[in-house]
1. Evaluate the stretch 13-29: report whether one residue or more is in a loop (DSSP other than H, G, I, E, B) and modelled with pLDDT under 95.
2. Quick test for you: out of 105, 45, pick the one residue that is closer than 30 Å to residue 129 by Cβ and either touching a helix residue (DSSP H, G or I) at 6+ places or on another chain (Cβ under 9 Å) or exposed (fewer than 12 other Cβ atoms within 10 Å of the Cβ) (or both).
3. Can you tell me which residue among 92, 87, 112, 78 is surrounded by 14 or more Cβ atoms within 10 Å (Cβ to Cβ), within 48 Å of the chain's Cα centre (by Cα) and assigned to a helix (DSSP H, G or I)?
4. Mind checking which pairs have a first residue in the stretch 53-79 that is more than 24 Å from residue 10 (Cβ to Cβ) and a second that is at pLDDT 95 or above and surrounded by 12 or more Cβ atoms within 10 Å (Cβ to Cβ), Cβ under 7 Å, 6 or more apart or different chains?
């Protein structure tokens, strides 16, 4: 079955050529412009336009082209996504390989450091190598590289927020009210002299 903007059953080659020209004129299309270019009367062009519903066919063509463009964009996005997944995997593999090499270098450096009484190199340098190896290993394996401490508002412990939430839910205890009468103090009596 032909798409609406393709040649329709019963549509002559001349009528289809006229429609194709009408379609190709873009937003400035008009029946008069088609008639002028094909040297056909306005009556013939109008009859073909009405009989083969050129307006609906143009709309169908626009919708079809929109779908084709969207599908092409989606296919391109999918292909690019696959590319990036592949690149990420290659990068992760390379990081893992370098991590292993750094650990091996650190081991050799530690052995040399232990064996040499003059202590060529530093433990700090070896520690940096191991830290870098650890970071690369964590990145390559998808683990976090930084430890983030979760704290409450203002950096305080979370327990405070928990206690505040409990107080919101269960309310605060009302302090006991004690009625106290305040009187001026009487002078204390002195004990009898002995």
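The values are calculated or read from the model by the stated rules, or taken from the named source; none is laboratory data. In this text, all values refer to a predicted model and were calculated from it rather than measured experimentally. Counting neighbours? That spans all protein chains shown, and the Cβs are built from the backbone with ideal geometry, glycine included.
1. yes
2. After applying the criteria, what remains is 105.
3. Criteria check complete, one pass: 92.
4. Pairs that qualify, where the first residue is more than 24 Å from residue 10 (Cβ to Cβ) and the partner is at pLDDT 95 or above and surrounded by 12 or more Cβ atoms within 10 Å (Cβ to Cβ): there are none.
Listed here are the residues, each with its yes/no results for (1) modelled with pLDDT under 90; (2) in contact with a strand residue (DSSP E or B) (Cβ under 7 Å, 6 or more places away or on another chain); (3) closer than 30 Å to residue 137 by Cβ.
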residue: 4; (1), (2), (3): yes, no, no
residue: 10; (1), (2), (3): no, no, no
residue: 31; (1), (2), (3): no, no, no
residue: 49; (1), (2), (3): no, no, no
residue: 69; (1), (2), (3): no, no, no
residue: 72; (1), (2), (3): no, no, no
residue: 75; (1), (2), (3): yes, no, no
residue: 79; (1), (2), (3): yes, no, no
residue: 96; (1), (2), (3): yes, no, yes
